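The structure appears below as structure tokens.
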Amino acid sequence: MGPIVPAVTPEEIRSHLTSCYDFKKKMALEEVVADVENMLRTWQVQVTHPRYFGLFNPSVTLASVVAETLVAMYNPQLANWRTSPAGNEIEKHTLNWLIAKFGLPVNASATFTSGGSEANLSAVVVALTHAFPAFGEHGLRHLAALPMIYVTAEAHHSFNKIAHMTGLGRRALRTVATDSSLKLDMADLKRCVAEDRNNGFAPFMVVGAAGTTAAGAIDPLLEIGRFCREENLWFHVDAAWGGAAIISEKLRHHLTGIDTADSITCDAHKWLSVPMGAGMFFCRHPEAVAQAFRAEVSYMPKKTDRSVDDPYTTSAQWSRRFIGLKLFLALAQHGESGYVEMIEHQTQMGQVLRESLKSSGWRIINTTPFPLICFTREGLDTTQFLTALREQQIAWMSEASLNGTPVLRACITSFKTTEADIRWVVGEMNRLIDEGIGQCTSTQELLIPAQARNG
Ligand SMILES: *Cc1c(COP(=O)(O)O)cnc(C)c1O
């Protein structure tokens, strides 16, 4: 395996491509594959490295790689059931396993998506269709009041793009306040919804996160669910990363209330350790999904069995890759218990990182039971420090800002990460500190809010 972090310029890559690949002369497949593999090994962040503590990109199991190859070879078209009965039923079987884990009704709708963004987009389109029956035919301009979605500032920014793409407009996102641990503040949610109703807007959807991207915060799902039922609002849980915790008896209580969701986003390509892209969209209301994605065309094979769905009529995609095989194959090989072990191991490694940072003078800024640690220390220039960490190939971490405090963000995304990896990384980080790397001069001293100091 090459370096964790590549040192390459765009010019270097472009000149290699221009000089070796004019597509005029034919090349031997082995030669091209060897060269491409070399580029991938040296010219990218190695997200499957045990010391990649990054943005949810997982190490992948062999089974899921085999699945990707099989899918490419047979190229099944899952748009309709009749064209690929095997693929469609394997996906349904796999998704049913998670439907039961999430506590959704057995007839809930579920589909694999390209990722969490498509799943969140599906949620907004289905929720709009459900709340405003005229939306599908006449569009937003037909509605008497402007629909509003409630999110916190910690929600995934795919919602900003979704608001834009659906024509709702980015201002249709109402930002609800968070408490000191970055969870949605229920009192503020109630206040915002009431205020918007008074001002003639049409609240229709609340997004609760089960593991925010920056800090792993879990919103109060049970309370949001209750409030949404009282107020007749669609409750979407964005559990793109954290949703996988549902399979662990030890962790699932952190997601209490997720079973009250109208829809759920969960990515298999995050904590379920399969290659990108594999998102999942779950919805309690199959009739709303069918309404939102309905399509009738003469050229698609007709359904002959009422017990099956044609995915092109129940999801955003048309031509559809057999996304679900990588999860199915990995799950079949490792078993549910193998998966639980993987998730609990990573959680445990997160705890080791948290403890060893704390015991060597670092300050943990976030609160989450999941293996995601946001941290800093007095007088740290996080950008400078991260640069040194990457240049010296110690580890890959990212930078985030929590309540205005710049922090280092380390997420255990690999099932291969060991306690020895973590102890070595923390040792190296402490060595950098001892060498004075990444220290602010007194004039740029960071102002750490009192709340973060105590965290
Ligand atoms: C990653 C993430 C997304 C987006 O998912 P993609 O698979 O990257 O499209 C949405 N929500 C949350 C909470 C995420 O962490």
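The values are calculated or read from the model by the stated rules, or taken from the named source; none is laboratory data. The model shown is predicted, which means the values in this text are computed figures rather than measured ones. Neighbour counts run over all protein chains shown; Cβ positions are idealised from the backbone, glycine included. Side chains included, ligands, DNA and RNA excluded: accessible areas come from the protein's heavy atoms. Shrake-Rupley method; radii C 1.70, N 1.55, O 1.52, S 1.80 Å.
Note down the relative contact order for region 76-323 as a percent, whole number, built from C-alpha pairs under 8 angstrom at least six residues apart.
28
What does the net charge come to around residue 100 if you take all other residues with beta carbon closer than 13 Å to its beta carbon, with K and R at +1 and D and E at -1?
Neighbourhood net charge equals +1.
With Cβ to Cβ distances under 15 Å as the rule, what net charge do the other residues near residue 210 carry (K, R +1; D, E -1)?
Around residue 210, the surrounding residues sum to -3.
Nothing charged except the Cβ atoms of Lys and Arg (+1) and of Asp and Glu (-1): what's the magnitude of the dipole of the chain about its Cα centre? Round to the nearest 20 debye.
Charge dipole of the chain: 640 debye, to the nearest 20.
For region 279-310, which chymotrypsin sites (Phe, Trp or Tyr not before Pro) are in a loop by DSSP, counting at most 13 other Cβ atoms within 10 Å?
Counting only loop positions with at most 13 other Cβ atoms within 10 Å, the chymotrypsin sites (Phe, Trp or Tyr not before Pro) in region 279-310 are 299.
Want the number for residue 424 to residue 145: 0.36 nm per residue separation, take away the alpha-carbon distance, what's left?
94.7 nm
Name the shape class, rounded, prolate or oblate, that the alpha-carbon gyration tensor gives for the chain, where a ≥ b ≥ c are the square roots of its eigenvalues, rounded holds for a/c under 1.5, and otherwise prolate holds if a/b is larger than b/c and oblate otherwise.
oblate
Quick one: which residues, 5 or more positions from residue 366 or on another chain, have an amide H under 5 Å from its amide H? H modelled 1.01 Å from N in the peptide plane, none for Pro or chain starts.
Amide H to amide H, under 5 Å and 5 or more residues apart or across chains, residue 366 pairs with 374.
Here is the link list: 92/303; 101/270; 92/250; 101/161. Which ones come out longer than 19 Å on Cα distance?
Long pairs (Cα-Cα over 19 Å): 92/250; 101/161.
Could you tell me the accessible area of residue 416 in Å² (1.4 Å probe, neighbours in place), rounded to the nearest ten?
The accessible area of residue 416 comes to roughly 90 Å².
Quick one: with all protein chains in place, what share of the accessible area of region 76-323 is carbon or sulfur, to the nearest percent (1.4 Å probe)?
The computed percentage sits at 52.
Along the charge dipole of the chain, Cβ charges K/R +1 and D/E -1, which of 16, 110, 418 sits furthest on the positive end?
110
Step through the residues of region 330-346 one at a time and calculate ³J(HN,Hα) from phi using the Karplus curve (6.51 cos²θ - 1.76 cosθ + 1.60, θ = phi - 60°), rounding each to whole Hz and writing x for Gly and Pro.
5, 5, 5, 6, 8, x, 4, 5, x, 5, 4, 4, 4, 5, 6, 4, 5
If you find the alpha carbon centre of region 368-397 and of region 186-208, how far apart are they in angstrom?
37
Per residue, how much accessible surface does region 76-323 expose to a 1.4 Å probe? Answer in Å², no decimals.
I get 42 Å² per residue for this part.
Considering the dipole of region 335-454 built from charges on the beta carbon (Lys and Arg +1, Asp and Glu -1) around the Cα centre, which of 372, 402, 360 is farthest to its positive end?
Highest projection toward the positive end goes to 402.
Below 8 Å between Cα atoms, with a sequence gap of 6+, how large is the relative contact order for the chain in percent?
22
Using the beta-carbon distance between residue 134 and residue 96 and R0 = 25 Å, what value does 1/(1 + (r/R0)^6) give for FRET efficiency, to the nearest 0.05?
Once rounded, the FRET efficiency stands at 0.15.
Give me the percent of the accessible area of region 335-454 that comes from carbon and sulfur atoms, probe 1.4 Å, all protein chains in place.
Answer for region 335-454 is 50 percent, counting heavy atoms of protein chains only.
Over region 335-454, what is the relative contact order in whole percent, taking alpha-carbon pairs under 8 Å and six or more residues apart?
Computed value for region 335-454: 30 percent relative contact order.
Return one whole number: the accessible area per residue of region 335-454 in Å², for a 1.4 Å probe.
Value for region 335-454: 41 Å² per residue.
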